[in-house]
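**Student:** What follows is a single structure, and I will ask about it in a moment.
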Amino acid sequence: MNPTRVFHRQLRHDLPVAVSGQGITLTDAQGKTYLDASGGAAVSCLGHGHPDVLAAMHAQIDQLAYAHTSFFTTEVAEELASVLIDNAPAGMSHAYFVSGGSEAVEAALKMARQYFVEIGQPQRRHFIARRQSYHGNTLGALAVGGNAWRREQFKPLLIDVAHVSPCYEYRERREDETPEQYGQRLVAELESTIERLGPESVMAFVAETVGGATAGVLVPVPGYFKGVRELCDRHGILLILDEVMCGMGRTGTLHACEQDGVVPDLLTIAKGLGGGYQPIGAVLAQGKLVEAFRRGSGLFQHGHTYLGHAVACAAALAVQRVIERDGLLAQVRERGAQLHGLLQQAFGDHPHVGDIRGRGLFWGIELVADRASKQWFDPKHKLHASIKSKAMANGVLVYPMGGTVDGRSGDHVLLAPPFISTPGELAQIVERLAGAIDLAIAQADAQLVS
Ligand code: PLP
């Protein structure tokens, strides 16, 4: 092959060439197959090559691929929005379609700001978000995101955002606290941040319902989001829940927030919406916000060329119909329990696995050098990268990341297998992953000794 002219994410090593995908398997140009246990970055909820999704996309391309949203709407966008709103948390009235997760977060941030301008509260200018969160890589999304390493070199370009503690029970709940008390302590911290900024100057609190990529599946403690919701309501502050990764069935309910008994003002979704068949994301908005825009300026001052792309909408509509038709939310809950059991079996007593956490088919494993002290591996080992490459060599794709603890230290592995995975495939995934983890740790240990 000629030297690559693609500006890849990593410039110092070669990537295998993916040539086909079927079910939960991807195949490269050498004929090697991989079990896709993370759906890329929690994207491929129906696996690869799903015939119903492909058929819907073909039909849409034959009829109409693209019409600009300042001139037209399309039947398929209207239908997708209806399906999403019919199944959305209470009070949601409209879906704003974009091309991915970062765009969804950017749109939500701007919707929040414009909403307050529309209702005569232009003094509201602050966002509050959480450390260790990930909301995307565009500048607004990166600014609300709380991952220290990702933000560092771009800091001069980022809007000022106040960050509070994540809900990170494994490391931050004190032994003398119940999970509920810990949650209330976090709510109190948020309240004091709101007081410090001045409640009338805060626009929104932004959080992933279940923290995903950068902290390795942080599941909220009971009552935490209810406390957050009450606090936001008390001060007229919007709650933006980012379910780009954890939403659309990944945790066993269509929206993760259903399990926490809260309804956000704006809800961002993406990855599992189109399942990777097309780039698509969306912001679901409460009726009161949309109404304020309608009564006020009559427009949302935003937009991209590919908003509501017809083929993307067709793919997402097909993905969502398959999930509904095949009862896949129930299957996620059932398979999720199986996966949890397999992970407990493989890693429950593992000396270097500190925590196994998750919901549905969304699981994180946090790795530690020492279980008792929860001490992490020295970041110089890049344990996460080593696990990723060894897992690939073993024929399984997982999504490990470093910086779990504070954006710089700590390692975790994220698993987000397709909803269609069979119990046998889940068992194979865990077996191959366990081999990769042991090999990577043995190598890190050998470096320590030498
Ligand atoms: N928000 C969350 C919670 C995410 O996990 C991600 C991606 O991992 C994003 C936003 C950004 O999405 P995208 O990579 O599609 O821009």
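**Student:** Greater than 32 Å separation of Cα atoms is the criterion. Which listed pairs, Lys271/Lys388; Lys32/Lys271; Lys226/Lys382; Lys226/Lys374, meet it?
**Tutor:** Numbers: Lys271/Lys388 21 Å; Lys32/Lys271 26 Å; Lys226/Lys382 37 Å; Lys226/Lys374 29 Å.
Violating the 32 Å Cα-Cα cut-off are Lys226/Lys382.
**Student:** Considering just Cα atoms, how many Å³ per residue does the convex hull of segment 233-290 enclose? Present the calculation step by step, with values, prior to reporting the outcome.
**Tutor:** Working: hull volume 4.7 nm³, N = 58.
Once divided by residue count, the hull of segment 233-290 is 81 Å³.
**Student:** Here's something else I'd like to know. Over all directions, what mean area does the Cα convex hull of segment 220-357 project, stated in square nanometres? If you can, show how the numbers build up before the last one.
**Tutor:** Numbers: hull surface 46.0 nm².
Approximately 11.5 nm², given one-decimal rounding.
**Student:** Mind jotting down the three principal axis lengths of segment 74-212 based on Cα atoms? Whole angstrom, largest first.
**Tutor:** So the extents along the principal axes, rounded to whole Å, are 55, 34, 33.
**Student:** Computed over the Cα atoms of segment 192-297, what is the convex hull's projected area averaged over all directions, in nm²? Numbers along the way, then the final one.
**Tutor:** Numbers: hull surface 32.9 nm².
Result: 8.2 nm².
**Student:** Turning to a different aspect of this structure: Cα-based Rg of segment 196-243 per 2.2 N^0.38 Å, rounded to two decimals?
**Tutor:** Working: Rg = 11.9 Å, N = 48, 2.2 N^0.38 = 9.6 Å.
Dividing the Cα Rg of segment 196-243 by 2.2 N^0.38 Å gives 1.25.
**Student:** Pop the C-beta distance of Ser201 and Ser93 into the FRET formula with R0 = 25 Å and round what comes out to the nearest 0.05. Present the calculation step by step, with values, prior to reporting the outcome.
**Tutor:** Details: r = 27 Å, r/R0 = 1.09.
E between Ser201 and Ser93, to the nearest 0.05, is 0.35.
**Student:** Right, something else. What's the long-distance tail for the chain, i.e. % of Cα pairs beyond 39 Å?
**Tutor:** Numbers: 19086 of 101025 pairs.
Value for the chain: 19 percent of Cα pairs lie more than 39 Å apart.
**Student:** Hey, what's the Cα Rg ratio for segment 149-209 versus the globular rule of thumb, 2.2 N^0.38 Å? Spell out each step's value before the answer.
**Tutor:** Numbers: Rg = 14.1 Å, N = 61, 2.2 N^0.38 = 10.5 Å.
After normalising by residue count via 2.2 N^0.38 Å, the value is 1.35.
**Student:** Expressed in nm to one decimal, what extension gain is obtained for the pair Ala18 and Thr422 from 0.36 nm per residue of sequence separation less their Cα-Cα distance?
**Tutor:** 143.2 nm
**Student:** Shifting gears a bit: Please report how far the C-alpha centroid of segment 409-436 lies from that of segment 261-326, rounded to the nearest whole angstrom.
**Tutor:** Between the Cα centres of segment 409-436 and segment 261-326 lies a distance of 30 Å.
**Student:** With both partners inside segment 52-325, how many of the DSSP beta bridges are antiparallel, as a percent to the nearest 5?
**Tutor:** Approximately 40 percent, going by the DSSP bridge assignments.
**Student:** For segment 1-79, list log₁₀ I(q)/I(0) at each q in 0.19, 0.23, 0.27 Å⁻¹, using the Debye formula over Cα point scatterers of equal strength and ignoring solvent, two decimals each.
**Tutor:** With one equal scatterer per Cα and no solvent, log10 I(q)/I(0) is -0.99, -1.08, -1.22.
**Student:** Here is a further query. For segment 296-450, what Kirkwood radius comes out of the mean inverse Cα-Cα distance, in Å?
**Tutor:** Values: mean 1/r = 0.0565 Å⁻¹.
When all Cα pairs of segment 296-450 are included, the Kirkwood radius is 17.7 Å.
**Student:** Additional query: Would you mind counting up the charge near Tyr182? Only other residues with Cβ under 9 Å from its Cβ, with Lys and Arg at +1 and Asp and Glu at -1.
**Tutor:** Taking every other residue near Tyr182 into account, the sum is -1.
**Student:** Taking the Cβ of Val262 as the centre, find all other residues whose Cβ is under 11 Å away and add up their charges (Lys, Arg: +1; Asp, Glu: -1). It would help to have the intermediate numbers written out before the result.
**Tutor:** On the way: positive: Lys226, Arg229; negative: Glu230, Asp233, Glu258, Asp260, Asp265.
Counting the neighbours of Val262, the net charge comes to -3.
**Student:** In Å and whole numbers, how far do the C-alpha atoms of segment 119-276 stretch along each principal axis, longest first?
**Tutor:** Cα extents, longest axis first: 40, 39, 33 Å.
Values quoted throughout were computed directly from the atomic coordinates according to the rules given, and no laboratory measurement underlies them. All figures in this text were calculated on a predicted structure; none of them were measured in a lab. Ideal geometry is used to build each Cβ from the backbone, glycine not excepted, and the neighbour counts take in all protein chains shown.
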